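So the structure is just underneath, and the comments pick up after that.
The values are calculated or read from the model by the stated rules, or taken from the named source; none is laboratory data. Just so it is clear, the model here is predicted, and its values are computed rather than measured. Cβ coordinates were reconstructed from backbone atoms using ideal geometry, including for glycine residues, and neighbour counts include every protein chain displayed. Heavy atoms of the whole protein, side chains included, go into the accessibility calculation; ligands, DNA and RNA do not. Shrake-Rupley method; radii C 1.70, N 1.55, O 1.52, S 1.80 Å.
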Amino acid sequence: MKKTLYLKFILAYFIFGVFSFIIVTTFVPSMTREHLIWEKAEDLYVEAARISDTYAAGLYASETDLETVKDQLDSLAVYLDSTIRIINPSGRLVLDTGMTLNVEDEIVIENFDPTATGSAYYMVNDFFGNFDSKMLSVFSPITYNYRVKGYVVIHCDMLRIEESCNRMLNISYITLVILLLLSLIILIFFTEMVYIPLRKITYATEQYAAGNMHYEFQVESDDEMGYLAVCLNFMASQIASAEDDQKKFIANVSHDFRSPLTSIRGYLEAMIDGTIPPEMHDKYLGIVLNETERLTKLTNSLLSLNNLNTKGMLLKRTDFDLNSIIRSTAASFEGTCRKKTIAIEMILTGEAMYVNADMEKIQQVLYNLLDNAIKFSHHDSVIKVETSVKKNKLFVSVKDTGIGIPKDDLKLIWDRFYKSDYSRGKDKKGTGLGLSIVKEIINCHGEHINVISTEGAGSEFIFSLLLADSNDDED
Ligand code: ADP
């Protein structure tokens, strides 16, 4: 399979060469020869007819003598590079520009038969055995008083015609060789532009099929081949990065499950074997409970992400009052806020503000954003939740004056399992999945979420939602 395309192309080139050669060496020579004979015969016939109408007719009408006619025909014969004869119907030579005829030695052409040409006016042969080589002989009858008195016959040596035929054929052969050489360019072009890139692409696909998704190759052309190579490279890199992501994801999940399990196990073993005395059990059981909470949270987050990832996630879109959802979500953090003496200030547009979205999922977005805001805020601070209407959208902002996010981390916070070093150190319950879930949910709604943050000064997360009425308008 591997080399057939190239072989096929070479074979096609070879067949093309052979057929061209056969045509140029068989049909072309015979056609050229036929054409040259016909053309010469036409020319000579015009001359022969002119002679029979003028000189020869004058001769038979006794208007001129044989000597004068011979002189004139001699020079014409030289001009035509041929032999002109006047022959009686019986075959006797009356005049021959090739020799001087004696009256005593009359020359008669044996078997002379002017009708031998049939309907044609010329023949190619040895003229009834009169010549040693082949001659083109053209006939024109001489009529006087409505009777055929003789014939003007012009003979032209076939060697002359063959020579000019060969000259023309040589031109054809040279043209053929040049054409074959030029068509080699097509072969080179095919090799460079199609075959070599195709081989690279085939090799690359073999590598991909074998699982080597990191294999990279280059086809430097900006045609379809180049485009195919770029697409293939892109596809492989996407698959490779998806594979890498998956590996990273599994590594992260395993790690995040293993550490709480290890500590739960450690504490439980220590309680069983008495390393932790019974009076301390309550304290450590509290820690174990915390760890199980973390595991539950992690599992729930993973499940949410998994559902969100399913393409065309089913959103239960309804029109609901976002203000009341904001208020109830904020209220659920009352206990935590009290512990850190954090106040949640709500600056909401209107008493009720109806949006069209999946209520439960937006509640989760608000929950995650507020959870982070509280988590990363200092004690005795204020978190602002603000809404504003612009055109047909409602913009929701959750702003804190906490630790902020370093500039370099701003792009990474949306990645799954991304946690800042601070978060890793202090917030053991953080999964690093909260913001990825938030982003997925907002994206599923066809909306956007952005973050503005200054390290040490605080962060503001702003997302948009479609207003309920405007959705009706759009429909
Ligand atoms: P988690 O909060 O569980 O660690 P998230 O995906 O919600 O995971 O957040 C990822 C990271 O983004 C956090 O570890 C933290 O570094 C950063 N981050 C998120 N929200 C804030 C915030 N309001 N202030 C400062 N950093 C934040």
Options V138, V148; residue that is buried (at least 18 other Cβ atoms within 10 Å of the Cβ), over 30 Å from I23 (Cα atoms) and of a type in the set (V, I, T): V138
Can you give me the number of residues within the range 1-34 that are surrounded by 14 or more Cβ atoms within 10 Å (Cβ to Cβ) and aromatic (F, W, Y)? 5
Has the range 204-223 got any residue that is among the polar types (S, T, N, Q) and touching a residue at least 60 places away in the same chain (Cβ under 8 Å)? no
Every residue in the range 371-382 that is within 9 Å of the ligand (Cβ to nearest atom) and within 13 Å of I403 (Cα to Cα), please. N372, A373, I374, K375, F376, S377
Which one of these is surrounded by 15 or more Cβ atoms within 10 Å (Cβ to Cβ) and part of a helix (DSSP H, G or I): L182, L169? L169
Failed item, numbered, when S263 is tested on (1) assigned to a helix (DSSP H, G or I); (2) more than 15 Å from L433 (Cα to Cα); (3) open to solvent by 60 Å² or more (accessible area, probe 1.4 Å): (3)
Could you check I276 against (1) more than 30 Å from T292 (Cβ to Cβ); (2) outside any helix (DSSP H, G or I) and say which number it fails? (1)
Among the residues in the range 353-370, are any at negative phi, near the ligand (Cβ under 8 Å from one of its atoms) and open to solvent by 10 Å² or more (accessible area, probe 1.4 Å)? yes
Select, from I462, I383, the only residue that is open to solvent by less than 20 Å² (accessible area, probe 1.4 Å), under 30 Å from G350 (Cα atoms), of a type outside the set (K, R) and modelled with pLDDT of 90 or more. I383
Among L303, L289, the single one that is open to solvent by 80 Å² or more (accessible area, probe 1.4 Å) and more than 22 Å from I362 (Cβ to Cβ) is L289
Of the numbered conditions (1) open to solvent by 40 Å² or more (accessible area, probe 1.4 Å); (2) within 30 Å of E455 (Cα to Cα); (3) touching a strand residue (DSSP E or B) at 6+ places or on another chain (Cβ under 8 Å), T336 satisfies every one except a single condition; which is it? (3)
Result of the Cβ filter at 6 Å on the range 363-378, keeping first residues that are in the same structural domain as T401 (by TED's automatic domain parsing) and partners that are within 7 Å of the ligand (Cβ to nearest atom) and part of a helix (DSSP H, G or I), at least 6 apart or interchain, is N368/G434
I'd like to check something: does the range 315-329 contain any residue that is within 16 Å of the ligand (Cβ to nearest atom) and touching a helix residue (DSSP H, G or I) at 6+ places or on another chain (Cβ under 9 Å)? yes
Given the residues L184, L232, L261, L289, which is the only one that is hydrophobic (A, V, I, L, M, F, W, C) and closer than 30 Å to V18 by Cβ? L184
When L198 is run through (1) in contact (Cβ under 8 Å) with a residue 40 or more places away in the chain; (2) open to solvent by less than 50 Å² (accessible area, probe 1.4 Å), the failure sits at (2)
Members of the range 437-453 that are under 37 Å from the mean Cα position of the chain (by Cα) and within 12 Å of the ligand (Cβ to nearest atom): K439, E440
If the Cβ limit is 9 Å and pairs must be 6+ apart or interchain, which residue in the range 234-249 that is in the same structural domain as N212 (by TED's automatic domain parsing) pairs with which residue that is basic (K, R)? D245/R416; K248/R416; F249/R416
What strands (runs of 3 or more DSSP E), lying completely within the range 48-127, carry at least 1 residues that are open to solvent by 40 Å² or more (accessible area, probe 1.4 Å) and in contact with a strand residue (DSSP E or B) (Cβ under 7 Å, 6 or more places away or on another chain)? 122-125
